[in-house]
1. Could you tell me which numbered condition PHE40 fails, if it satisfies all but one of (1) among the hydrophobic types (A, V, I, L, M, F, W, C); (2) part of a helix (DSSP H, G or I); (3) more than 9 Å from the ligand (Cβ to nearest atom)?
2. Could you figure out which of (1) more than 10 Å from the ligand (Cβ to nearest atom); (2) more than 24 Å from HIS43 (Cβ to Cβ); (3) in a helix (DSSP H, G or I) isn't true of MET147?
3. Of the residues that sit in region 85-101 and are hydrophobic (A, V, I, L, M, F, W, C) and near the ligand (Cβ under 9 Å from one of its atoms), which one is nearest to LEU137 (Cα to Cα)?
4. Please pick out the residue among LEU4, LEU55, LEU24, LEU60 that is closer than 16 Å to ALA134 by Cβ, open to solvent by 70 Å² or more (accessible area, probe 1.4 Å) and either of a type in the set (A, V, I, L, M) or modelled with pLDDT of 95 or more (or both).
5. Kindly indicate whether any position in region 63-84 is more than 14 Å from the ligand (Cβ to nearest atom), part of a loop (DSSP other than H, G, I, E, B) and out of contact with any helix residue (DSSP H, G or I) (no Cβ under 6 Å at 6 or more places or on another chain).
6. Inspect region 104-113 for any residue being within 13 Å of the ligand (Cβ to nearest atom), assigned to a helix (DSSP H, G or I) and farther than 30 Å from PRO39 by Cβ and give the result as yes or no.
7. Please list, ordered by first then second residue, the pairs with beta carbon atoms under 9 Å, 6 or more apart or interchain, first in region 58-70 and touching a residue at least 60 places away in the same chain (Cβ under 8 Å) and over 16 Å from ILE142 (Cα atoms), second aromatic (Phe, Trp, Tyr) and surrounded by 19 or more Cβ atoms within 10 Å (Cβ to Cβ).
8. Take the residues in region 101-145 that are polar (S, T, N, Q) and open to solvent by less than 30 Å² (accessible area, probe 1.4 Å); name whichever of them is farthest from the chain's Cα centre (by Cα).
Amino acid sequence: MQNLYQISLYLHSWNRWIIIVFGLLVLWHAWKGSKNQTPFPGHYKPINIIFISSLHLQLLIGLLLYFVLSPITKAALNDFGAAMKDASIRYWAMEHSLMNVIAIAIAQTGSILAKKKSTPRLAHRTMFIWTLIAFILILLMIPMGIMGPERPWFKL
Ligand code: HEM
């Protein structure tokens with residue numbers, strides 16, 4: 001169990017970089033696409049797919065950590081009231097997890113709504129706005145000392 005915890009934490013930590021790199025690529029292509037009115041999603045369809053898939057993977061590992069593997073959230077689930085009074089436990093049990101679930105739902109919604117738009121320009125713009133909101137939330141909730149504890153940027 002301890003090994004699985006370390007492996008999951010490791011995957012969760014590195015997958016964050018796939019999310020950041022592909023999130024930036026999606027934003028860049030959506031921005032350019034809305035300016036140049038290129039077809040939607042055009043050649044960046046695989047980039048969107050990798051971005052959304054990496055978010056789904058992050059959610060899956062996050063839920064596994066939250067409910068099964070992490071000693072921090074397991075302790076929080078045993079006594080949620082006490083956990084909410086401790087800022088460092090509350091960060092994992094509430095802020096990081098809940099805000100990231102919301103961010104992932106926002107990114108997914110944007111990608112679904114964009115496909116339904118009548119013109120490429122509207123589709124790119126929809127993709128850009130929803131992805132930007134999700135991306136900012138994700139960045140704020142990465143544990144790098146901005147809004148909570150600090151964890152390694154590159155877990156070795
Ligand atoms: C895009 C979304 C997410 C990003 C970028 C992200 C990023 C991270 C990072 C960088 C860590 C620290 C890993 C380390 O120790 O080096 C972490 C830990 C953790 N995350 Fe996430 N996460 C995301 C979503 C989620 C979600 C949706 C959940 C739960 C539903 C979650 C639950 C956790 C838990 C429980 C821990 C570990 C706490 C411990 O140390 O035991 N994460 N996350």
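The values are calculated or read from the model by the stated rules, or taken from the named source; none is laboratory data. From a predicted model like this one, the values you see are computed outputs, not experimental measurements. Neighbour counts are summed over all protein chains in view; Cβ atoms, including those assigned to glycine, are modelled from backbone coordinates with ideal geometry. Accessible surface areas use protein heavy atoms only, side chains included; no ligands, DNA or RNA. Shrake-Rupley method; radii C 1.70, N 1.55, O 1.52, S 1.80 Å.
1. Only one criterion is unmet by PHE40, namely (2).
2. All conditions pass for MET147, except number (3).
3. Checked region 85-101; the qualifying residue nearest to LEU137 (Cα to Cα) is MET99.
4. Details: LEU4 fails: closer than 16 Å to ALA134 by Cβ; LEU55 fails: open to solvent by 70 Å² or more (accessible area, probe 1.4 Å); LEU60 fails: closer than 16 Å to ALA134 by Cβ.
After applying the criteria, what remains is LEU24.
5. The answer is yes; a qualifying residue exists.
6. If we filter region 104-113 for residues that are within 13 Å of the ligand (Cβ to nearest atom), which is where we start, we get 104-108.
Of the ones still in play, those that are also assigned to a helix (DSSP H, G or I) are 104-108.
Filter again for farther than 30 Å from PRO39 by Cβ, leaving none.
No: zero hits.
7. From residues that are touching a residue at least 60 places away in the same chain (Cβ under 8 Å) and over 16 Å from ILE142 (Cα atoms), the pairs are SER70/TRP92.
8. Filtering region 101-145 for residues polar (S, T, N, Q) gives 108-109, 111, 118-119, 126, 131.
Now drop any that are not open to solvent by less than 30 Å² (accessible area, probe 1.4 Å), which leaves 111, 126, 131.
Details: SER111: 14, THR126: 18, THR131: 10 Å.
Result: THR126.
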